[in-house]
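Student: Sharing a structure, written as structure tokens. Questions coming.
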Amino acid sequence: MSERTADVIIIGGGVIGASIAYYLTKLGVKPVLLERGDICAGTSGACDKAISMQSKNPGLHLDLALESSAMFPGLGEELGADLDYHRYGGMIAIENERQMAIMEKFVERQKNHGLPVEILSGDEARKRQPAFAPSVIAATYSPADAEVSPLKLTFAFARAARRGGADIRTGAEVRGLLTNAGRVEGVVTQAGEVRAGVVVNAAGVFAPAVGRMAGLELPIKPRRGQIIVTEPMPPMVHGEIWSARYIVAKYNPEMIRSEDPEAADLGVGLAAGQTAEGTLLIGGTREFVGYDTAVTPEATAAVLRHAVSILPFLAKVHVIRTFAGLRPYTPDGMPILGPVDGLEGFVMAAGHEGDGIALAPITGKMLAAYIAGAETDKRLRDLALSRFQQAK
Amino acid sequence: MTQSDTDIIVIGAGPAGLSAAAEAARLGAAVLVLDENDRPGGQLFKQIHKFFGSKDHRAGVRGYAIGDSLLAETARLGARIELGAVVYAIYPDRRVAVITADQRRLLLNPKKIILATGASENALAFPGCTLPGVMSAGAVQTMVNLHRVLPADKTLMVGSGNVGLIVSYQIRQAGGKVAALVEAAPVIGGYGVHAAKISRLGVPILTGHTVKCVHGTDRVEGATLVALDDKFRAVPGSERDIEIGCVAIAVGLTPLAELALMCGCKFTYIPKLGGHLPVHDDNMETTAAGIYVAGDITGVEEASSAMEEGRLAGIAAAEALGRVAPSEAAVLKQAVWARLNALRTGRFGQARRDAKERITAEGRGAHVV
């Protein structure tokens, strides 16, 4: 068995693991990143491209997102890669008075938290977004929403980390954790042991399996999101589009039930945006079905039914592909970040659900600073695993 | 289209699919054939030439006549054919998702599925290949034989397999000229008898040649041919220009195996048969239980063998549904295998038989009875 020593081991080669690896190298720490499959082969490679501010809950969630958002504009240049990053803004379509009441409160709280956002009348909304159906009674608009290619972002982080001295290994499966007297000492992979005083669990939806190696129960569950891809077409939508139902589905899917019971079961809400190539990505669902990544005809139909009601032109557009990704859900919608009580050297960095792309830069920066001992962000206390353990 | 009484869904109404449907219906299964085209028959109705083989293989009968008799057979036996019906997915629980001709979305739940989706023609990239007038040989054949439209006075044929040779002949029959037939390889790919026929009509067959580029402003006006050496490199100075209005590309076919891929079937790679293919056993059943394949999707051959494979799949699927006793099914299948093996003889046939044997060798034993 081969054995080697590193300062830090990161488990997981998704956008979060790659981001932490990159920001560590910026601080002079050269981590080993162990990825069971390939870089960006899991959740980060099976999502849409939105960097959404409007979908974030006002509070710590939105604060982190805004900080992360401010890091994006210069990131491509810093990483030496074209990330397909654009800040075209985003809109949330409101279909009825009930949604209007919820969104008015939501937007008011977001404004108070510093998010530039406003509610436009139906006609104003259609002026900005002519593709909206006449039935859209109003829409929010925020210039803060942006988009990025999640694949390009993840690979750019990984490549920049590698250039900075990180040892990034794919096909490296972590099978066990080495601990001694309440301290982490390394991991066991199929190719032997790797020793380090710090082990970062950035395994996303598979973080609970890594947690169990440390005797920890993590409240992370895979939540499936199905996404539909259309044929390429000329620009039809501007920036990112969501439906108010998407926001409701994210925070309280039961409220949709009276409108569409099947959509409530599947957690259907609209999240749509057009890629540089002209295809439209149309999401999505939020389903608890274990680790099943199959697509289903029921979800395709429910998502498209909802999408066509907001963007009627879609009725005449061909769908070329559907795919599903698993998002690492946590009960309070916030990631689990930072140290874990009782196991020194074990660091959590998972549970971002659908916010992993948007929160990747700030997550990487905060955790790298903590791990390198440069600075401990006070907010890590509120994001720690202990918030769930105390609740029990 | 209702789903409640469907035992078997056949996808593709070409020679393989229709034969499968006929055989399964004959044995008492309720069969529904789906095809995305607005006419059944696959390529049969544009095949105005006589088929090869023995009397058992309907040798001497023209393709469209075989198509007519297959349609009559399926109709007589009660297999339904739904046209303009696009199958866009097969889900892990074996549900078949269809968009019908009148734009309805259906989810069908058959007990067995037979994939007879055929193959698509390969493209060839060269400067000018997107100009109107550059098309597949199959498209030329459809225009000439079905729509009675000659694409151009003079055509350049690329590829000397049977498709290239036969379509060249049919262009001549329709009153067009074939300025040249180029073949990159040093030898003609198709049957000598077809090549001899067009040679006698004065079509120059240039082996060791390819099309370097096509010129024209809004459409094909001419092409530059170039000789190739034994390593397929262009020989400098060998270029020559010809005047043509159409380039027909006949450089092989690729099995349309996407639906088999969706079913999670095990695949193998056999370039001689067109590339990535779902493996199957002697019953034409793939490694996904209840999913059968027949025709070009199992490796590109000819309509004659596609029809026999279809019959095999039809019998096997009906047998699996209990519509026919295993002993009786064994006799029926043996007769089909005998005809299939007879087709796969000779210099060309034996190579195909060997390649096909590799597929079944991999597919055998996937389902323990």
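The values are calculated or read from the model by the stated rules, or taken from the named source; none is laboratory data. Since we're looking at a predicted model, the values are computed, not measured. Counting neighbours? That spans all protein chains shown, and the Cβs are built from the backbone with ideal geometry, glycine included.
Student: From the set of residues in the stretch B:73-112 that are loosely packed, with under 15 Cβ neighbours inside 10 Å and acidic (Asp, Glu), which is nearest to the other protein chains (Cβ to nearest Cβ)?
Tutor: The extreme case among them is B:Asp93.
Student: Counting just the residues of the stretch A:311-353 that are under 30 Å from A:Ile20 (Cα atoms) and within 13 Å of another protein chain (Cβ to nearest Cβ), which one comes out nearest to the chain's Cα centre (by Cα)?
Tutor: Here is the first cut: in the stretch A:311-353, the ones under 30 Å from A:Ile20 (Cα atoms) are A:323-353.
When the remaining residues are screened for being within 13 Å of another protein chain (Cβ to nearest Cβ), the result is A:323-324.
Numbers: A:Phe323: 16, A:Ala324: 14 Å.
Within the stretch A:311-353, the match that is nearest to the chain's Cα centre (by Cα) is A:Ala324.
Student: Quick check: anything in the stretch B:260-280 assigned to a loop (DSSP other than H, G, I, E, B), in contact with an Asp or Glu (Cβ under 6 Å, 6 or more places away or on another chain) and closer than 30 Å to A:Thr293 by Cβ? Before you say what the answer is, go through the steps one by one.
Tutor: Going through the stretch B:260-280, the residues assigned to a loop (DSSP other than H, G, I, E, B) turn out to be B:263-266, B:274, B:279.
Still in the list and also in contact with an Asp or Glu (Cβ under 6 Å, 6 or more places away or on another chain): B:279.
Next, only the ones that are closer than 30 Å to A:Thr293 by Cβ stay: B:279.
Checked against the condition, which is being assigned to a loop (DSSP other than H, G, I, E, B), in contact with an Asp or Glu (Cβ under 6 Å, 6 or more places away or on another chain) and closer than 30 Å to A:Thr293 by Cβ, the stretch B:260-280 yields at least one hit.
Student: Working only within the stretch A:53-84, note down all residues that are touching a Ser or Thr at 6+ places or on another chain (Cβ under 8 Å), under 16 Å from A:Val15 (Cα atoms) and part of a loop (DSSP other than H, G, I, E, B).
Tutor: Scanning the stretch A:53-84 gives A:Leu83, A:Asp84.
Student: Kindly provide the set of residues from the stretch A:258-294 that are among the small types (Gly, Ala, Ser) and out of contact with any His (no Cβ under 9 Å at 6 or more places or on another chain), ordered by number.
Tutor: Within the stretch A:258-294, the subset among the small types (Gly, Ala, Ser) is A:258, A:263-264, A:267, A:269, A:271-273, A:276, A:278, A:283-284, A:290, A:294.
Within the stretch A:258-294, A:Ser258, A:Ala264, A:Gly267, A:Ala271, A:Ala272, A:Gly273, A:Gly278, A:Gly283, A:Gly284, A:Gly290, A:Ala294 meet the criteria.
Student: Please state which of the following conditions B:Ala223 fails to meet, knowing it meets all the rest: (1) of a type in the set (Gly, Ala, Ser); (2) touching a residue at least 40 places away in the same chain (Cβ under 8 Å); (3) in a loop (DSSP other than H, G, I, E, B).
Tutor: Of everything listed in (1) of a type in the set (Gly, Ala, Ser); (2) touching a residue at least 40 places away in the same chain (Cβ under 8 Å); (3) in a loop (DSSP other than H, G, I, E, B), B:Ala223 misses just condition (3).
Student: Looking only at residues in the stretch A:288-310 that are hydrophobic (A, V, I, L, M, F, W, C) and more than 14 Å from chain B (Cβ to nearest Cβ), which one is surrounded by the fewest Cβ atoms within 10 Å (Cβ to Cβ)?
Tutor: Of the stretch A:288-310, the ones hydrophobic (A, V, I, L, M, F, W, C) are A:288-289, A:294-295, A:299, A:301-304, A:307-308, A:310.
If we keep only those that are more than 14 Å from chain B (Cβ to nearest Cβ) as well, we get A:288, A:307, A:310.
On the way: A:Phe288: 10, A:Ala307: 24, A:Ile310: 24.
Ranking the candidates gives A:Phe288 first.
Student: If we scan the stretch B:199-216, do we find a residue that is surrounded by 18 or more Cβ atoms within 10 Å (Cβ to Cβ), among the hydrophobic types (A, V, I, L, M, F, W, C) and not in a strand (DSSP E or B)?
Tutor: Yes, because at least one residue in the stretch B:199-216 is surrounded by 18 or more Cβ atoms within 10 Å (Cβ to Cβ), among the hydrophobic types (A, V, I, L, M, F, W, C) and not in a strand (DSSP E or B).
Student: Could you tell me whether any residue of the stretch A:349-370 is over 19 Å from A:Ala158 (Cα atoms), among the basic types (Lys, Arg) and assigned by TED's automatic domain parsing to the domain that holds A:Cys40?
Tutor: No: the stretch A:349-370 contains no residue that is over 19 Å from A:Ala158 (Cα atoms), among the basic types (Lys, Arg) and assigned by TED's automatic domain parsing to the domain that holds A:Cys40.
Student: Can you pull out the residues in the stretch A:34-77 that are under 13 Å from the mean Cα position of the chain (by Cα) and β-branched (Val, Ile, Thr)?
Tutor: A:Thr43, A:Ile51, listed by residue number.
Student: For the stretch A:42-84, which positions are among the hydroxyl-bearing types (Ser, Thr, Tyr) and at pLDDT 95 or above? Let's see the steps before the verdict.
Tutor: Keep residues of the stretch A:42-84 that are among the hydroxyl-bearing types (Ser, Thr, Tyr), which gives A:43-44, A:52, A:55, A:68-69.
Once the filter is applied, which keeps residues that are among the hydroxyl-bearing types (Ser, Thr, Tyr) and at pLDDT 95 or above, the stretch A:42-84 yields A:Thr43, A:Ser44, A:Ser68, A:Ser69.
Student: Scan (1) in contact (Cβ under 8 Å) with a residue 60 or more places away in the chain; (2) part of a helix (DSSP H, G or I); (3) more than 21 Å from B:Gly78 (Cα to Cα) for the single condition B:Glu357 breaks and write down its number.
Tutor: Failed condition: (1).
Student: Which residue is nearest to A:Leu66 (Cα to Cα), if the candidates are limited to the stretch A:307-360 and must be acidic (Asp, Glu) and either touching a Phe, Trp or Tyr at 6+ places or on another chain (Cβ under 6 Å) or assigned to a helix (DSSP H, G or I) (or both)?
Tutor: Step one: filter the stretch A:307-360 for residues acidic (Asp, Glu), giving A:332, A:341, A:344, A:353, A:355.
Keeping just the survivors that are either touching a Phe, Trp or Tyr at 6+ places or on another chain (Cβ under 6 Å) or assigned to a helix (DSSP H, G or I) (or both) gives A:353, A:355.
On the way: A:Glu353: 17, A:Asp355: 12 Å.
Among those residues, the one meeting the criterion is A:Asp355.
Student: Restricting attention to the stretch B:46-53, does a residue exist that is among the polar types (S, T, N, Q), within 14 Å of chain A (Cβ to nearest Cβ) and not in a strand (DSSP E or B)?
Tutor: The initial filter retains those residues of the stretch B:46-53 that are among the polar types (S, T, N, Q), namely B:47.
Subsequent filtering for residues that are within 14 Å of chain A (Cβ to nearest Cβ) retains none.
Looking for residues that are among the polar types (S, T, N, Q), within 14 Å of chain A (Cβ to nearest Cβ) and not in a strand (DSSP E or B), one finds none in the stretch B:46-53, hence no.
Student: Here's a follow-up. What residue, of A:Val248, A:Val295, is aliphatic (A, V, I, L, M), assigned to a helix (DSSP H, G or I), in contact (Cβ under 8 Å) with a residue 60 or more places away in the chain and not assigned by TED's automatic domain parsing to the domain that holds A:Gly13? Show your work before the answer.
Tutor: On the way: A:Val295 fails: assigned to a helix (DSSP H, G or I).
When all the criteria are applied, what remains is A:Val248.
Student: Still on this model: Give me a count of the residues in the stretch B:300-329 that are assigned to a loop (DSSP other than H, G, I, E, B) and modelled with pLDDT under 95.
Tutor: Taking the stretch B:300-329 first, the residues assigned to a loop (DSSP other than H, G, I, E, B) are B:300-302, B:321-325.
Narrowing the set further to residues that are modelled with pLDDT under 95 leaves B:300-302.
Counting residues in the stretch B:300-329 that are assigned to a loop (DSSP other than H, G, I, E, B) and modelled with pLDDT under 95 gives 3.
Student: Which residues, counting only those in the stretch B:163-198, are within 21 Å of B:Gly245 (Cα to Cα) and part of a helix (DSSP H, G or I)?
Tutor: Those that are within 21 Å of B:Gly245 (Cα to Cα) and part of a helix (DSSP H, G or I): B:Val163, B:Gly164, B:Leu165, B:Ile166, B:Val167, B:Ser168, B:Tyr169, B:Gln170, B:Ile171, B:Arg172, B:Gln173, B:Ile198.
Student: Of all residues being among the hydroxyl-bearing types (Ser, Thr, Tyr) and in a helix (DSSP H, G or I) in the stretch A:361-392, which is surrounded by the fewest Cβ atoms within 10 Å (Cβ to Cβ)? Just the residue, please. Don't jump to the end; show me each part of the working.
Tutor: Our first condition is that a residue be among the hydroxyl-bearing types (Ser, Thr, Tyr); within the stretch A:361-392, this holds for A:363, A:370, A:376, A:386.
Keeping just the survivors that are in a helix (DSSP H, G or I) gives A:363, A:370, A:386.
Details: A:Thr363: 27, A:Tyr370: 19, A:Ser386: 16.
In this case the residue turns out to be A:Ser386.
Student: While we're looking at this one, here's another question. Is it the case that some residue within the stretch A:170-185 is in a helix (DSSP H, G or I) and surrounded by fewer than 22 Cβ atoms within 10 Å (Cβ to Cβ)? Lay out the reasoning, then the answer.
Tutor: From the stretch A:170-185, those in a helix (DSSP H, G or I) are none; that's our starting set.
Checked the stretch A:170-185: no residue is in a helix (DSSP H, G or I) and surrounded by fewer than 22 Cβ atoms within 10 Å (Cβ to Cβ).
Student: Something else now. Looking at (1) modelled with pLDDT of 95 or more; (2) surrounded by 16 or more Cβ atoms within 10 Å (Cβ to Cβ), find the lone condition where B:His194 falls short.
Tutor: (1)
Student: Please find, within the stretch B:171-191, the residue that is farthest from B:Phe348 (Cα to Cα) out of those that are surrounded by fewer than 19 Cβ atoms within 10 Å (Cβ to Cβ) and not small (Gly, Ala, Ser).
Tutor: B:Lys177
Student: Restricting the search to the stretch B:38-94, which residues are without any contact (Cβ under 8 Å) to a residue 24 or more places away in the chain and either of a type in the set (Val, Ile, Thr) or in contact with a Phe, Trp or Tyr (Cβ under 6 Å, 6 or more places away or on another chain) (or both)?
Tutor: Result: B:Ala59, B:Val61, B:Tyr64.
Student: Turning to a different aspect of this structure: Test B:Ala116 against the stated conditions and say whether it is in contact (Cβ under 8 Å) with a residue 60 or more places away in the chain and either surrounded by fewer than 20 Cβ atoms within 10 Å (Cβ to Cβ) or more than 11 Å from chain A (Cβ to nearest Cβ) (or both). It would help to see each step written out before you state the result.
Tutor: Working: in contact (Cβ under 8 Å) with a residue 60 or more places away in the chain: yes; either surrounded by fewer than 20 Cβ atoms within 10 Å (Cβ to Cβ) or more than 11 Å from chain A (Cβ to nearest Cβ) (or both): yes.
So B:Ala116 fits the description; yes.
Student: Looking at the structure I just gave you, is B:Gly28 at pLDDT 85 or above, assigned by TED's automatic domain parsing to the domain that holds B:Gly299 and buried (at least 19 other Cβ atoms within 10 Å of the Cβ)?
Tutor: Values: at pLDDT 85 or above: yes; assigned by TED's automatic domain parsing to the domain that holds B:Gly299: yes; buried (at least 19 other Cβ atoms within 10 Å of the Cβ): no.
So B:Gly28 fails the test.
Student: What number of residues within the stretch B:265-292 satisfy the criterion of being in contact with a Cys (Cβ under 8 Å, 6 or more places away or on another chain) and of a type in the set (Val, Ile, Thr)?
Tutor: 4
Student: From A:Gly267, A:Gly283, which residue is touching a Gly at 6+ places or on another chain (Cβ under 8 Å) and either of a type in the set (Val, Ile, Thr) or more than 14 Å from chain B (Cβ to nearest Cβ) (or both)?
Tutor: On the way: A:Gly267 fails: touching a Gly at 6+ places or on another chain (Cβ under 8 Å).
Of A:Gly267, A:Gly283, the one residue that is touching a Gly at 6+ places or on another chain (Cβ under 8 Å) and either of a type in the set (Val, Ile, Thr) or more than 14 Å from chain B (Cβ to nearest Cβ) (or both) is A:Gly283.
Student: Check the stretch B:167-185 and report whether any residue there is modelled with pLDDT under 95 and either in the same structural domain as B:Glu285 (by TED's automatic domain parsing) or closer than 30 Å to B:Pro278 by Cα (or both).
Tutor: No: the stretch B:167-185 contains no residue that is modelled with pLDDT under 95 and either in the same structural domain as B:Glu285 (by TED's automatic domain parsing) or closer than 30 Å to B:Pro278 by Cα (or both).
Student: Hey, another quick one. Say we look at the stretch B:130-157 and pick out the residues that are modelled with pLDDT under 95 and part of a loop (DSSP other than H, G, I, E, B); which of these is nearest to A:Arg305 (Cα to Cα)?
Tutor: Among them, the one singled out is B:His147.
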